[in-house]
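Chemist: After the structure tokens below, expect a handful of questions from me.
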There are 2 protein chains.
Amino acid sequence: MPDKSSRQSIDDLQSALASSDSQAIVDFLDSAEPAEAVHAISHLSEADQSRLLKSLSWEEAADLVDDLPEEQAARMIERLTVDEAAAIVSEMPSNERADVIARLPELEASAILDAMPLAYSRAARRLMSYPADSAGGLMITEYLSYHEHQTIGDVLDDLRIHADRYRRYDVQYAYVVADGGKLVGVLRLRDLLLSAPDDRLSAAMIREPLSVCDTAQLEVLERFFGRHTLFGVPAVDDDGRLVGVVRSTDVEQAAAERSSRSFLKIMGIVGGDELRSMPLRIRSMRRLSWLSVNILLNIVAASVIAFHQDTLAAVIALAVFLPIISDMSGCSGNQAVAVTMRELALGFINPSDLWRVLGKEAAVGVINGLALGVLLGLVGWLWQGNVMLGVVVAAALAINTLVAVCFGGSIPLVLRALGQDPALASGPILTTITDMSGFFLVLTLAGAVLPYLTS
Amino acid sequence: MPDKSSRQSIDDLQSALASSDSQAIVDFLDSAEPAEAVHAISHLSEADQSRLLKSLSWEEAADLVDDLPEEQAARMIERLTVDEAAAIVSEMPSNERADVIARLPELEASAILDAMPLAYSRAARRLMSYPADSAGGLMITEYLSYHEHQTIGDVLDDLRIHADRYRRYDVQYAYVVADGGKLVGVLRLRDLLLSAPDDRLSAAMIREPLSVCDTAQLEVLERFFGRHTLFGVPAVDDDGRLVGVVRSTDVEQAAAERSSRSFLKIMGIVGGDELRSMPLRIRSMRRLSWLSVNILLNIVAASVIAFHQDTLAAVIALAVFLPIISDMSGCSGNQAVAVTMRELALGFINPSDLWRVLGKEAAVGVINGLALGVLLGLVGWLWQGNVMLGVVVAAALAINTLVAVCFGGSIPLVLRALGQDPALASGPILTTITDMSGFFLVLTLAGAVLPYLTS
């Protein structure tokens, strides 16, 4: 499936780099679709990626780095000199800057921070001190704030004088603070339009503005913006001092990234986000750390088979059904896991709903277990011409489907109640349980009716 | 794990409803955390949910419905009378209104549309004619637009006169159109501050504003907002006429919902989003439709075992390793699927990178296959005291891990190239292939060295 145009743009970028033609590089980045540019950059060698950043102005380089996923951005920054890195990250928005620096090895990070203007490095260190998915970790520190004793005219003057600097801000509101930086009000830009220049801000502002605590977690912020259609909300510390502004778009993005991380964890990528441009050793080790836990759980589950080898040896046809029952129970259980994870995310259920979820799943489990069991039982009966073999595999799959959906529906709730991450552990716990019970059911049921199976 | 407060708030809401005390209901909704309110509402009976909506003003009801997931919102709306439903959805933002109506059965939807003010139903029908995840499906039709011949003063007057109506808009920009509705410029609110009232809009506006085509897909919009930090972008039709405004927050939300849908599909919830409040029959049938495909694939894969029953009967210990190799290969392959799906979503790879992905995965597959193979081989050797059994299971797992990561990494790319949804089909295709090759490898390798295994 060759894709001419994407191959072409990689070649274009490489030849521009090879000829050190910085105008051609800028032209390429300006004319390429953003996705095309990201794709082409990810295909460059590490040396070419560094050369690319160096051929751009600091501001252009910062825009480019900002477009890339953070782990890729951090790896490109890491290969620059400390001064180059500091110059580029200084041009990034405050929250992205802190995120990229936080992904660097500690020594590099503090060297780059030391090489930045003091005001920037202080702000970055403060943002980095918050958990990434909290208001403090998501907020930007570029915002307009004025003292309540200032006038509308003062604000308008300030806006005109610093228009250049503010152009890079996402200015939607101006915040009003009292002595000590305490947040006391907010001004919408349209309020400025409708007020007299002599008015004091304390008269024109909206008092007791909505705000969030700087330690508020992502879930709280999502609900806040779900309820309030605002572009941003001021974040205050424990003393009510304004410390930053959380924008709804950053909250939406963080929520999307969190659900992408959940997805990766459920699929077994748990050591951190993986890109294929990372070194083989890291990729392999991270995946192995997860697989080695899984193989131990698998061996434990399969040991149930070892305990019933005699039954299996007597009716070798059962061996065909063991992996089917293991896989199908895993599928049914995963469906229940997915519905619970989604209802948890939507706020429809919480751990107190365990019994309700179990009841709802049990009903589905009985119906689907019977349907799948009858289907597999018919296969067993017709294939071996032994009705009892059909009955055994039908009963085992039916009962195990019920077990699987009940555990699948409830495991994420129990993990959440225990403060654990449901995305990480639900899958392996589920399949270990359903494998063990599936193997146990097939082999003990078969053992109980062995004379009918071997006749 | 009883959760007092959430139990308490369900009881509070139910008793307010039972006493038909509409003030108590409004007080509950105002004072409850949004998540708590959603949780409590989802625990009400259907009759109580209808009573709840009827006890609120149309506007309050619209806000409430807007906070709920769309499928839940649609189910609540569906149970109202046509006039009630029309009154409530008329108060919703235009894009949410169209989304909720689109989820209703066709007859109900058109009855409700007919009962709405003509301007609203026309707008809703137009929005519904676009695919949900396109600019047209996401855009809002509440925006400010003025003719280029009007003056700044005209705009300021209009803003003051209609302040009440515009308060419900997310006004960040005003759009400027020429005759025929063609988009020619954009005004930022701050431009209004800095211009003289007599200026014509054509003089004050930013010309040739950024815009998107109304048929632009979600990916295009994501990239647009990734590149441009804007709150919204005007959408134009083929003739360049302004038809709506796409807000970045709606794009972020649609992207999050799309990845949540992907997650559900991968986990086997494919017939549509499931909530446990849906009728048992629907939930059960949707899950079964997926499971019944899966069980057929499983039976096909397991038939490989049936063809090698003699080998298995001779070395019954192999039966213990078949499910382990099936599960572990599935895990390794899923990791590769996850990384490819993420790199596809980030734009790092496209189907033209098939060979590159295969090369990268093969390297991981060799290392992880050897590591896992040696581990399982040791288990086989030590358990049965037969070194050749260890060699067989080690070789089978090592080779099958390589097969699994190569297929896992490339299946989503091939499905994408064929225009299929990778989230839907990658899992079942992968596990069918890896199960078949895993069973085949174990049993044919064992068959080749059978004398050493049975000695």
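Here, each number is a calculation from the coordinates, and none is a lab measurement. Quantities reported herein were computed from a predicted structural model and do not represent experimental measurements. No Cβ is skipped: glycine too gets one built from the backbone with ideal geometry, and neighbour counts run over all protein chains shown.
Chemist: Could you name the residue in chain B with the C-beta closest to the rotation axis that superposes chain B on chain A, along with the separation in whole Å?
Modeler: Minimum Cβ distance to the axis, with residue: B:252, 2.
Chemist: Tell me what chain A gives for mean residue ellipticity at 222 nm when only DSSP H runs of n ≥ 4 count, each as -39,500 (n - 2.57), the sum divided by the residue total, rounded to 500 deg cm²/dmol.
Modeler: -22000 deg cm²/dmol
Chemist: Another question, then. Other chains' Cβ within 10 Å of B:326-337 residues: what's the mean?
Modeler: So the per-residue partner count for this stretch is 6.
Chemist: Tell me which residues come under 5 Å, amide H to amide H, from residue A:177 once H is placed; ignore anything under 5 positions away on its chain.
Modeler: Those qualifying (amide H under 5 Å, at least 5 residues apart or on another chain) are A:146, A:147, A:148, A:184.
Chemist: Quick check for me: using +1 on Lys/Arg Cβ and -1 on Asp/Glu Cβ, what's the dipole size of the protein assembly as shown about its Cα centre, in debye to the nearest 20?
Modeler: With only Lys, Arg, Asp and Glu charged at Cβ, the dipole is about 2960 debye.
Chemist: Among A:98, A:270, A:194, whose Cα lies farthest out toward the positive end of the dipole of chain A, if unit charges sit on the beta carbon of Lys, Arg (+1) and Asp, Glu (-1)?
Modeler: Toward the positive end, the furthest listed residue is A:270.
Chemist: A follow-up question, please. Angle between the Cα long axis of helix B:152-161 and the longest principal axis of chain B, 0 to 90 degrees, nearest 10?
Modeler: Relative to chain B, helix B:152-161 is tipped by roughly 90 degrees.
Chemist: Across the range A:144-247, how large is the tail of the calculated P(r) beyond 24 Å, expressed as a percent of all Cα pairs?
Modeler: 23 percent
Chemist: Compute the long axis of helix A:248-266 from its Cα atoms, compare it with the longest principal axis of the Cα atoms of chain A, and write down the angle in degrees, 0 to 90, nearest 10.
Modeler: With both axes taken from Cα atoms, the answer is about 30 degrees.
Chemist: Mind checking the mean number of beta-carbon atoms from other chains within 10 Å of the Cβ atoms in A:304-311?
Modeler: 3
Chemist: Report, as a whole number in µm² per second, the diffusion coefficient that Stokes-Einstein gives for the range A:21-66 at 25 °C and 0.890 mPa s using the Kirkwood radius over alpha carbon pairs.
Modeler: It diffuses with D of about 230 µm²/s by this estimate.
Chemist: Taking the Cβ of each residue in A:78, B:208, A:222 as the centre, tally the other Cβ atoms inside 10 Å and list the residues starting with the fewest.
Modeler: Neighbour counts put them in this order, fewest first: B:208, A:78, A:222.
Chemist: If you project the alpha carbons of the range A:292-454 onto their three principal axes, what span does each projection cover, largest first, in Å?
Modeler: 52, 34, 20
Chemist: Fewest Cβ neighbours within 10 Å first, please rank B:147, B:228, B:39 accordingly.
Modeler: By the 10 Å Cβ count, ascending: B:228, B:147, B:39.
Chemist: Over all distinct Cα pairs, what is the inverse of the mean 1/r for the range B:323-369, reported as the Kirkwood hydrodynamic radius in Å?
Modeler: Every distinct Cα pair counted, the radius reaches 11.5 Å.
Chemist: Looking at chain A, what % of its DSSP beta bridges pair antiparallel, to the nearest 5?
Modeler: 75 percent
Chemist: Here is a further query. Report ³J(HN,Hα) in whole Hz for each residue of the range B:227-236, in order, from the Karplus equation J = 6.51 cos²θ - 1.76 cosθ + 1.60 where θ = phi - 60°; Gly and Pro get x.
Modeler: 8, 10, 7, 10, 7, x, 9, x, 9, 10
Chemist: Measure of size requested: the Rg and Dmax of the range A:19-105, with Cα atoms as the atom set and Å as the unit; please supply both.
Modeler: Using the Cα atoms of the range A:19-105, the pair Rg, Dmax is 12.0, 35 Å.
Chemist: Just the number, please: percent antiparallel of the DSSP beta bridges in the range A:68-211, rounded to the nearest 5.
Modeler: Around 65 percent antiparallel, to the nearest 5.
Chemist: Same structure again: Does the range A:169-320 come out rounded, prolate or oblate by the C-alpha gyration tensor, with a ≥ b ≥ c the root eigenvalues, rounded set by a/c under 1.5 and, if not, prolate when a/b is larger than b/c and oblate if not?
Modeler: Because a/c hits 1.5 or more and a/b exceeds b/c, the range A:169-320 counts as prolate.
Chemist: Rounding to the nearest 10 and keeping the result within 0 to 90°, find how far the Cα-based axis of helix A:4-18 lies from the longest principal axis of chain A.
Modeler: Result, in degrees: 50.
Chemist: Follow-up. Once you average over the residues of B:36-43, how many Cβ atoms of partner chains fall within 10 Å of each Cβ?
Modeler: 4
Chemist: Return a whole-number percent for the relative contact order of chain A, with Cα pairs under 8 Å and 6 or more residues apart as the contact set.
Modeler: 10 percent
Chemist: For the cross-link pairs A:360/B:265; A:54/A:265; A:265/A:360; A:265/B:360; B:265/B:360, which exceed 31 Å when the distance is taken from alpha carbon to alpha carbon?
Modeler: In this structure, A:54/A:265 exceed 31 Å between Cα atoms.
Chemist: Now a separate question. Label-to-label distances across copies for residue B:163, with labels 7 Å out along Cα→Cβ, in nm, shortest first?
Modeler: Ordered by increasing distance: 2.6 nm.
Chemist: What's the exposure ranking of A:251, B:300, going from fewest to most Cβ atoms within 10 Å?
Modeler: Lowest to highest Cβ neighbour count: B:300, A:251.
Chemist: With +1 on each Lys and Arg Cβ and -1 on each Asp and Glu Cβ, and nothing else charged, work out how big the dipole of the range A:273-336 is about its Cα centre, in Debye to the nearest 20.
Modeler: Dipole about the Cα centre, nearest 20: 420 debye.
Chemist: Which of A:14, A:25, A:128 sits closest to the plus end of the dipole of the range A:4-133, meaning its Cα is farthest towards the positive end, when Lys and Arg get +1 and Asp and Glu get -1 on the C-beta?
Modeler: Checking the options against the dipole of the range A:4-133, the answer is A:128.
Chemist: Where both partners of a DSSP beta bridge lie in the protein assembly as shown, what percent of those bridges are antiparallel, to the nearest 5?
Modeler: 75 percent
Chemist: Over what distance in Å are the Cα centres of the range A:375-427 and the range B:31-103 separated?
Modeler: Each part reduced to its Cα centre gives a spacing of 37 Å.
Chemist: Okay, moving on. Which whole number in µm²/s is D for the protein assembly as shown by Stokes-Einstein, with the Kirkwood Rh taken over Cα pairs at 4 °C and 1.567 mPa s?
Modeler: Rounded to a whole number, D works out at 43 µm²/s.
Chemist: Here's a follow-up. Which far-off residues, 5 or more places away or on another chain, put their amide H under 5 Å from the one on residue B:80, with H placed in the peptide plane?
Modeler: Counting only residues 5 or more places away or on other chains, the set is empty.
Chemist: The range B:214-244 to the range A:107-134: how many Å between their Cα centroids?
Modeler: Using only Cα atoms to place each centre, the spacing works out to 35 Å.
Chemist: Please give the direction-averaged projected area of the C-alpha convex hull for chain B, in square nanometres with one decimal.
Modeler: If I average the Cα hull's projected area over directions, I get 29.1 nm².
Chemist: I would also like to ask the following. Considering amide H positions built from the backbone, and no H for Pro or chain starts, which residues 5 or more places from residue A:235, or on another chain, come under 5 Å of its amide H?
Modeler: Answer set, sorted by chain and number: A:212, A:243, A:244, A:245, A:246.
Chemist: Residue by residue, what Karplus-based ³J(HN,Hα) values in Hz, rounded to whole numbers, does the range A:186-194 have, using 6.51, -1.76 and 1.60 with θ = phi - 60° and x for Gly and Pro?
Modeler: Per-residue couplings from phi come out as 9, 10, 7, 4, 5, 5, 4, 5, 9 Hz.
Chemist: How far is residue A:71 from the same spot in each other copy, in nm, shortest first, if each label point sits 7 Å from Cα toward Cβ?
Modeler: 3.1
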